[in-house]
Amino acid sequence: MRRLVICSALLFASLAAAASASHIHTSDDRGVLAPIAKAPVRTRNWKNPFEGQPDATAAGEKLFRQHCAECHGDDARGRGRAANLRSAGVQGATPGELAWFLRNGNLPAGMPPWAGIPEQRRWQIIAYLKTLH
Amino acid sequence: MRSFCRFLRKAFSAAISPRSRVSSLWLLLLAVGALWISPRAAAQETPYFVAYSHHLEEPGNLEVETYSIYGTQKGAGDFVAPWTELEYGVTAWWTTEFYIDSQTTFGDSTIFTGTRWENRFRPLMREHWINPVLYVEFENTTDADKTLKEVVGFDSQEDSAVPNSEANRSHTHELETKLILSSDYKGWNFSENFIGEKNLGHEPWEFGYALGMDRPLRLAATPQPCNFCRENFILGAEMYGGLGTVKAFTLSGTSHYVAPIAAWQLPNGVTFSISPGFGLTDTSHRFLLRWGMSYEIGGFGRKLRSLF
């Protein structure tokens, strides 16, 4: 039984290591990071309902510090495998693509899906991200 | 209502004993101190006690949780069963969790009842209308375990009436599996869990279910940092119970509960939750009360690695 548990743990650890090796910093012909550019084309036209609302941007900054800054840094310049959110690879994406990406994440590369926080709050985060370019 | 009053009376008399006064003071300090922890790593997990949603722990985060359940008991003393959970996000699609269980039965004794190791995996890499998660848990507990983290087979309140000295002698090794299905819609989470549990000592498979739904009181966030605003409060409900065994798959003779939930999710990663539960059948405990606190430590894995 103990051997089975140890073997299972080793198997899961190697799977995790293999998954974490996937690279996220490649980009498409627009310069948008490949995992974000995977968003379906229809998402490109989604409008942020909070666009241009200073209160929503401030709320987005608060949410960014709660949920995102741990990996992407307080200045959003990224660290380790977490992308620089001020880079053209992120800022070149439309709000709709970012909304799709935030909801789905990039699990093999370590970005969790944020579908657990309400859609309104995800849009507020995007409103803030778009002020960082 | 009578059960709730009985719980309050017992909790009050326990709280005024000198030893409990010290631990109550610690709890109070912990709760007040929680408001001043730096704002980091707020969780997105749902506040269910029994059901699971598809939202896993964020990779590298460690969540330390301490929960308790009070239950009324026919034929023996009522009980309080505290348990501690250490939940770690190994990857974005794999969460592992370790439990330590114990219980106190009024008029009997306080005992350690075992440990559990659980793993949850997301097989699909994107969000869908219904998101499956596979759950596997190994339990090394005794029959005296009263945490009621799941209700399966023909579990009934009679099982909990066995004196601790006798129940604690019987060790059980169990494999518990769950198919977790979960959806998010307009701020709501709906979760359905199908449970299959196998005692590795040649007992038949036992089945159960858990359903959960919850929603924050306010969907959009306010611009100012705040502890008491509506966006930090979540209300929901759970329903769970047994479905018999592989030999007798039935609702007849099984226990079922319904339990509203309220949670206060502070922006700094501390969450307080409470859930009164009500037994729906003759075999169920009439009243259960669960409560607890969790704290999420963001970037725990990275901080740990930086030490070596």
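We did not get these values from a lab; they are worked out from the coordinates using the rules stated. As the structure is a computational prediction, the values presented were derived from the model and not from experiment. For neighbour counting, all protein chains shown are included, and Cβ atoms are generated from backbone atoms with ideal geometry for every residue, glycine included.
Observations on the structure shown:
- Enclosed volume per residue, in Å³, of the convex hull spanned by Cα atoms of chain B: 157 Å³
- Gaussian network model of chain B, springs between alpha carbon atoms under 10 Å - residue of B:76, B:220, B:210 with greatest fluctuation: B:220
- Test item: A:120-127 mean partner chain Cβ contacts at 10 Å: 3
- Aspartates and glutamates whose Cα lies under 12 Å from that of residue A:62, excluding same-chain neighbours fewer than 8 positions away: A:74
- The residues B:172, A:43, B:95, when put in order of fewest to most other Cβ atoms within 10 Å, stand as B:172, A:43, B:95.
- Fraction of alpha-carbon pairs over 12 Å apart in region B:60-112 - percent: 67 percent
- In Hz, Karplus ³J(HN,Hα) per residue of region B:194-202 (6.51, -1.76, 1.60; θ = phi - 60°; x = Gly, Pro): 10, 10, x, 10, 10, 6, 6, x, 6
- By the rule of a C-alpha distance below 23 Å, with chain neighbours fewer than 8 residues away ignored, the lysines paired with residue B:178 are B:146, B:149, B:198, B:247.
- Annotation: amide H of residue B:92 within the under-5 Å range of A:110, sequence separation 5 or more or interchain, hydrogens built in the peptide plane.
- Multiplying each eigenvalue of the alpha-carbon gyration tensor of region B:106-258 by 5 and taking the square root yields semi-axes of 33, 21, 15 Å, largest first, rounded to whole angstroms.
- Inter-chain Cβ neighbour average for residues B:124-136, partner chain, 10 Å: 2
- Between amide H atoms placed 1.01 Å from N, distances below 5 Å from residue B:297 occur with B:62, B:63, B:64, all of them 5 or more places distant or on a separate chain.
- Footprinting exposure proxy ranking of B:129, B:188, A:46, fewest other C-beta atoms within 10 angstrom first, gives B:129, B:188, A:46.
- As a proxy for reagent exposure, B:226, A:71 were ordered by neighbouring Cβ count within 10 angstrom, fewest first; the result is B:226, A:71.
- Distant-in-sequence amide contacts of residue B:142, defined by a placed amide H-H separation under 5 Å and a gap of 5 or more residues or a different chain, comprise B:172.
- The modelled label-to-label distance for the pair residue B:179/residue B:246, using points 7 Å beyond Cα in the direction of Cβ, is 1.6 nm.
- Within chain B, helix-based [θ] at 222 nm, where runs of 4 or more DSSP H residues each add -39,500 (n - 2.57), nearest 500: -4000 deg cm²/dmol
- Integer Hz, Karplus 6.51/-1.76/1.60 couplings in order for region A:85-95, x for Gly and Pro: 7, 8, 6, 4, x, 9, 5, x, 7, 6, x
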